[in-house]
Amino acid sequence: MAQTMVNFRMDEKLKEKMEKTCKDMGLSVTAAYTMFATKVTREQRIPFEVTADPFFSEENMDRLRKNMAQMEKTGGTIHEVNLDD
């Protein structure tokens with residue numbers, strides 16, 4: 001089977017942790033990514049749940065922008081209690 005080279009960028013610390021984790025499992029990083037690509041191709045999906053961090057929801061970002069604007073305007077602190085959450 002013909003081989004090809006795949007290059008991509010990632011955080012250096014993440015790469016180091018990935019290499020250590022793979023080594024601990026007796027795998028090379030290449031083998032781990034090949035396993036991932038094989039599973040994605042076979043199942044036609046990402047083989048784990050991918051979700052957005054709710055911190056970055058538009059509703060939360062609007063609330064943060066509003067609070068920051070209020071603090072910049074007043075120079076004070078904001079103490080808000082939301083009993084619905």
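Odds and ends about this structure:
- Cβ pairs under 9 Å, 6+ apart, first in segment 26-47 and under 13 Å from residue 6 (Cβ atoms), second among the charged types (D, E, K, R) and at pLDDT 95 or above: 29/15; 29/19; 29/23
- Within segment 57-73, the set of residues being surrounded by 10 or more Cβ atoms within 10 Å (Cβ to Cβ) and either in a helix (DSSP H, G or I) or modelled with pLDDT of 90 or more (or both) comprises 60, 61, 62, 63, 64, 65, 66, 67, 68, 69, 70, 71.
- Pairs, first under 28 Å from residue 39 (Cα atoms) in segment 49-69, second surrounded by 11 or more Cβ atoms within 10 Å (Cβ to Cβ), C-beta under 8 Å, six or more apart: 54/60
- Inter-residue pairs, beta-carbon under 7 Å, first free of Cβ contacts under 8 Å to residues at least 40 places away in the same chain and within 17 Å of residue 37 (Cα to Cα) and in segment 2-22, second hydroxyl-bearing (Ser, Thr, Tyr) and surrounded by 10 or more Cβ atoms within 10 Å (Cβ to Cβ), 6+ apart: 22/28
- Matching residues in segment 21-55 - criterion: being outside any loop (DSSP other than H, G, I, E, B) and loosely packed, with under 10 Cβ neighbours inside 10 Å: 24, 41, 42, 43, 54, 55
The values are calculated or read from the model by the stated rules, or taken from the named source; none is laboratory data. Everything quoted here is computed from the prediction, not taken from an experiment. Reconstructed Cβ throughout: ideal geometry from the backbone, glycine too, with neighbour counts over all protein chains shown.
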